[in-house]
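The values are calculated or read from the model by the stated rules, or taken from the named source; none is laboratory data. In this text the structure is predicted, and so the values were computed from the model without any measurement. Quick reminder, even Gly has a Cβ in these numbers, built from the backbone with ideal geometry, and neighbours come from all protein chains shown. Just the protein is used for accessible areas: all its heavy atoms, side chains included, with ligands, DNA and RNA removed. Shrake-Rupley method; radii C 1.70, N 1.55, O 1.52, S 1.80 Å.
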Amino acid sequence: EFRRVLFRSALAGQLGWPYRDNDELLAAVAGGSARALHQRLGADELHRLEAVSILGALGEATSTVVSAAASAIDDPGVLAPLTRPGVFVVWLQGPPRLLAARLPTGPHRPSLAADVEVLLAGQLEERTPRYRAVADLVLDTTTATPEEVVAAIVAALPASSDRDPGRPAAGSPPRGAC
């Protein structure tokens with residue numbers, strides 16, 4: 001799974017920061033998987049809980065790598081925290097066909113529409129203005145390897161002589177990277 005390999009192992013490991021994944025955050029906040037919550041509570045409540053999860057992760061006192069649910073950007077309450085000083089947002093882009101192939105699957109993930117590529121294309125069109133508004137860095141992952149993506153993110157982070165997760169970098173340092 002591209003996202004988990006990229007962020008958990010590569011980016012968080014290289015920075016020495018903790019990693020928070022949406023699925024794990026959701027389980028901690030709501031006590032269930034995305035699929036179980038979607039089936040029990042519906043999509044709107046699942047997305048509300050995903051927004052609560054990302055807000056909790058953004059509130060951590062140390063620098064943290066966070067993999068947020070794509071739907072979190074739809075919650076107006078999430079937009080302002082994503083633009084505050086110290087939060088560095090990375091928007092990973094790719095064509096809907098590629099993103100559909102990379103979507104995580106498993107018993108913990110909600111079932112999506114029959115034509116996932118069409119669903120993703122519609123979501124991308126709808127969400128692009130919000131992603132643009134909060135993204136500090138936009139990366140096309142179509143042909144990039146996870147290592148190349150990590151290198152680009154690390155190079156774009158505000159300079160720091162010490163990437164200690166408990167100590168902010170000079171200037172306006174990231175406390176979270178999504």
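A few remarks follow.
- Filter result for residue 16 (surrounded by fewer than 19 Cβ atoms within 10 Å (Cβ to Cβ), touching a residue at least 24 places away in the same chain (Cβ under 8 Å) and not charged (D, E, K, R)): yes
- Scanning the stretch 61-119 for residues that are within 17 Å of the chain's Cα centre (by Cα), modelled with pLDDT of 85 or more and open to solvent by 70 Å² or more (accessible area, probe 1.4 Å), we see that the one that is nearest to residue 40 (Cα to Cα) is 76.
- Every residue from the stretch 128-152 that is among the hydrophobic types (A, V, I, L, M, F, W, C), in a loop (DSSP other than H, G, I, E, B) and open to solvent by 50 Å² or more (accessible area, probe 1.4 Å): none
- Cβ pairs under 7 Å, 6+ apart, first in the stretch 29-56 and without any contact (Cβ under 8 Å) to a residue 24 or more places away in the chain, second open to solvent by 70 Å² or more (accessible area, probe 1.4 Å): 49/29; 52/29
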